[in-house]
Amino acid sequence: PFDVLVVGGGPAGAAAAIYAARKGIRTGIAAERFGGQVLDTMAIENYISVPYTEGPKLGAALENHVRQYDVDLMNTQRAAKLVPAATENGLVEVELESGASLLARTVILSTGARWRSMNVPGETEYRNKGVTYCPHCDGPLFKGKRVAVIGGGNSGVEAAIDLAGIVAHVTLVEFDSALRADEVLQRKLRSLPNVTILLSTLTTEVLGDGSKVTGLTYTDRTTDESHTVDLEGVFVQIGLLPNTEWLAGSVDLSPRGEIVIDDRGQTSVSGVFAAGDCTTVPFKQIVIAAGAGATAALSAFDHLIRTSAP
Ligand code: FAD
C-alpha cells in the first residue's frame, strides 16, 4: 500500500505529491488528466515568481517536478469510489474506474472543479478569446474594455464589482427577475456608475469576428425581444462544480458539493485529507491550490507518524 495516495493531478495534487515524496514515504498519484484545469488556460500571470506562463507549459512543469521524485504517477486513471478504512489506522481504498483498486494509509483528494458553462453558440469557440470564467485571472486583460458578467449570484456580482474598477463598462446579465447575491453586494453594485444590470435575461449567443469576442445577444424574457450588446469580454459566473460526485456518502460535502476540510486539510474521514478547488477553501486559484496541497501532505505525514502501520 501507499503511505500517501494523491487523487488528482492539478496544482494541488502535484504539490501534495512532491511534499509527501520529500518525506521519503511511499507516494502515488492517480489523475484523470495530469495538469488539471491549467491545461485549459493560456496566459497565467499570477503564479507568484512567474510573471508569465501558459497553461500547457505550467502543466508540463508540474509533471516534470513530480517526476524528479520517486512518485508512482498513474495518469489517465479516474477514481470511482473511496472506501474509508474499516478500522482506525486501517487502509483507505480508492477504486478506479478501470476496475483496479489502490490501498493507502492516507489519501489526499485533489480532484479540482469545473466551471459550469452557458451552452450557447460561440461560448466554446471564443473560450480564452474573450470568453472567460475567472475574473481574478483575466480581469486585467480587459482593462478599459467592455465586458459582460453572466450570473447574478454572489460570484457574478462580486466579479462585476471587481471588474467595474478595471474595465470601461460592465453589463451584468441575470436570468432570474432578481439578483441572488447578498444585499450588501447588490447595493455596492448599484452604486457603480459603469454597470448596467439586465434582469430576466437569457444569453443566447456569444458573437465574434473569428478570432475574438465582439458582442453578446440576449433575449429579454419579459418581452421575448432579442438584443445585441457590443463588448470585448464575457465572464461566465454561473457556478463552479467540484469534481466530487464520486465521493458522495464517503466524506462530508458542503451543500455545494465541496469537500469540507479544516485548516489542516483534514476531511471528515480519518486519514483522508483534501486540497484545492474540490474543497471548501474560499478562493480557487493555482497558488492557493498548490499551498493547500502542501498543507494536506504535511498533515498526512503528521497523521502517519502518529499512527502505526496496519
Ligand atoms: P484542478 O486543476 O482542477 O485539477 C484536478 C485534477 O483532478 C486533474 O488532474 C483532474 O483530471 C483530476 N480529477 C478530477 N476528477 C478525478 C477523478 N474522479 N479521479 C482522478 N482524477 C480526477 N488560476 C490562477 O491562479 N490563475 C489563472 O490565470 C487561472 N486561469 C484559469 C483559466 C481557466 C480557463 C480555468 C478553467 C481556470 C483558471 N484558474 C486560474 C484556476 C486554476 O486553474 C485552479 O484554481 C487550479 O487549477 C485548481 O487546482 P486543483 O489542483 O485544485 O484542481
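Just so it is clear, none of the values below were taken in a lab; they were calculated from the coordinates. Nothing here was measured: the structure is a model prediction, and the numbers come from that model. As a convention, Cβ positions derive from the backbone with ideal geometry for all residues, glycine included, and neighbour counts pool all protein chains shown.
Would you pick out the residues in region 44-59 that are among the small types (Gly, Ala, Ser) and surrounded by 14 or more Cβ atoms within 10 Å (Cβ to Cβ)?
Result: Gly55, Gly59.
Given the conditions (1) buried (at least 18 other Cβ atoms within 10 Å of the Cβ); (2) away from the ligand (no atom under 14 Å from the Cβ); (3) within 30 Å of Ser250 (Cβ to Cβ), which single one is not true for Gly112?
All conditions are met except number (2).
Within 25 Å of the chain's Cα centre (by Cα), within 30 Å of Ser299 (Cα to Cα) and in contact (Cβ under 8 Å) with a residue 12 or more places away in the chain: which single residue out of Gly233, Gly257, Gly156, Gly249 fits that description?
Gly257
What strands (runs of 3 or more DSSP E), lying completely within region 1-75, carry at least 2 residues that are near the ligand (Cβ under 7 Å from one of its atoms)?
Of the strands (runs of 3 or more DSSP E) lying wholly inside region 1-75, those with at least 2 residues that are near the ligand (Cβ under 7 Å from one of its atoms) span 27-31.
Cβ-Cβ below 6 Å, separation at least six or inter-chain, first residue in region 7-35 and closer than 17 Å to Asp277 by Cβ, second charged (D, E, K, R): which pairs?
Glu32/Arg78; Phe34/Glu63
Residue by residue, here is whether (1) within 12 Å of the ligand (Cβ to nearest atom); (2) within 14 Å of Ile108 (Cβ to Cβ); (3) outside any helix (DSSP H, G or I) holds:
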site: Arg256; (1), (2), (3): no, no, yes
site: Arg264; (1), (2), (3): no, yes, yes
site: Phe273; (1), (2), (3): no, yes, yes
site: Asp277; (1), (2), (3): yes, yes, no
site: Ala292; (1), (2), (3): yes, yes, no
site: Phe301; (1), (2), (3): no, yes, no
site: Ile305; (1), (2), (3): no, no, no
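Do we find that Thr132 is within 16 Å of the ligand (Cβ to nearest atom), under 19 Å from the mean Cα position of the chain (by Cα) and free of Cβ contacts under 8 Å to residues at least 12 places away in the same chain in this structure?
Values: within 16 Å of the ligand (Cβ to nearest atom): yes; under 19 Å from the mean Cα position of the chain (by Cα): yes; free of Cβ contacts under 8 Å to residues at least 12 places away in the same chain: no.
Here the answer is no, as Thr132 does not meet what is asked.
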